[in-house]
1. Residues with amide H under 5 Å of Lys277's amide H, sequence separation 5 or more or different chain, H placed in the peptide plane at 1.01 Å from N; which?
2. Among the listed pairs Lys29/Lys280; Lys77/Lys280; Lys77/Lys307; Lys277/Lys354, give every one whose C-alpha distance is greater than 30 Å.
3. Rounded to the nearest 10 degrees, what's the angle between the helix 81-99 long axis and the longest principal axis of the chain, both from Cα atoms, 0 to 90?
4. What part of the accessible area of the chain, given as a whole %, is carbon or sulfur when the probe is 1.4 angstrom?
5. Sort out for me the Cα centre separation of region 93-149 from region 327-362, rounded to whole Å.
6. Give the distance, in whole Å, between the Cα centre of region 156-232 and the Cα centre of region 241-305.
7. For region 252-372, with every protein chain kept in place, what is the accessible area per residue (1.4 Å probe, Å²)?
8. Given an 8 Å cut-off on Cα distances and at least 6 residues of separation, report the relative contact order of the chain as a percent.
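The values are calculated or read from the model by the stated rules, or taken from the named source; none is laboratory data. Predicted model, so just to flag it, every value in this text is computed and none were measured. Here the Cβ positions follow ideal geometry from the backbone for every residue, glycine too, while neighbour counts run over all protein chains shown. Heavy atoms of the whole protein, side chains included, go into the accessibility calculation; ligands, DNA and RNA do not. Shrake-Rupley method; radii C 1.70, N 1.55, O 1.52, S 1.80 Å.
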Amino acid sequence: MAFESGSISFRLFYLTQQYDSSLLEEFAKRIAVPLEQLDRHPITGWVSGRHLLDREITDEKCVVGPYLHVQQFKAEKKIPASLFKAYVHLEEDIELRARQLEFLPRKAKAEVKARVTEMLLPRMPPTLTGIPLVVDFRNDLAIAGAMSDNQIDAFVMGFKETANSTPILLTAESAALKRKQINANDLTPFHFSPDEALEPPQETTLGMDFLTWLWYIWEKEGAVHHLPDGREFGIMLEGPVTFFREGQGAHEVALRKGLPLNSREAGTALACGKKLKRVKFTLAVGEDVYAATMDADFAIRSLKLPKGEQDTPQGKFEERMLFIETFWTAWLALYDRFLDARISPDVWPKTLKKMRTWIAEFDDKQAQAYAE
């Protein structure tokens, strides 16, 4: 039960229409069929958020306060690759002896593979997977544990078929358009490097621009910021980190162990025009501490939440969802500040100049320390 305990990884999706708890009826209509009906074709559908074999999608089990909690279920039979390969070789040897040949023709090999599949697949145990989903009615958001491109595509398709609307993945670009009416394609690409001869990137990289700007803000302006409700929060960035830039040479550089953000390699990456693509982000709101790995595409990985005070399952779940809301609200509040600076004709040129000076001093300082 991904959202109910432990660290969690998820993506946020904007909902294009408002829903309430009556949406549960649509999920119940598309409940997964019983596992006993699984044959060679996969089973897909929805189950409750409790576990993958709970097919009771009811208000009592799936609606907690302003949240609907279900899972996108998939069951299929798979033949392990090593087992399949071994049986294919075994059957091919038998076929070669029977035909008195040294090599099997391509058609015969295809027939062997089909025969092995037909023999083994019914005997395989089911493989169960699920994408946990929370629909946040208050904020018109879907929070889904869909991290890979394939999972995102499967979730979007399943939600559209169920709720009759297409959720929009929250990325740096979609958030800029939704929150500030900024089209990333209208922005001029740039780099942060002090090397004026360096070519700018071909396309705008809003997410990496934001992460790199956030690093600069944290180091130069302190770590105290404010949530929309007025609460103060602090931030910290640390490794492991990943830098990225399209072009010649190494496109991606990952730095781990030690203090990578203070390393000479980090300064060199910045000077070469690379930008932060992934970083560990720590958030402190009062005594509550959150930590996650943040990607430039706004994927939230391995988020650790504060220890709550609630005792009941429903209370714990709702408390954790409020913690999650605090985290993404703080993240987007920082992003709003970046966007305001990014589109300001007065603020952004000054910010860019300061950041390039910071990178030049950063690289020189680390090179000097390395020489000593």
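1. Amide H neighbours of Lys277, under 5 Å, 5+ apart: Thr242, Phe243, Phe244.
2. Numbers: Lys29/Lys280 40 Å; Lys77/Lys280 37 Å; Lys77/Lys307 39 Å; Lys277/Lys354 21 Å.
With Cα atoms farther than 30 Å apart: Lys29/Lys280; Lys77/Lys280; Lys77/Lys307.
3. The angle comes out at about 40 degrees.
4. Numbers: 9980 of 19970 Å².
Within the chain, the accessible surface is 50 percent carbon and sulfur.
5. Using only Cα atoms, the two centres lie 47 Å from each other.
6. 15 Å
7. Working: 6230 Å² over 121 residues.
Per residue, region 252-372 has an accessible area of 51 Å².
8. Numbers: 602 pairs, mean separation 65.2, N = 372.
RCO, the chain: 18 percent.
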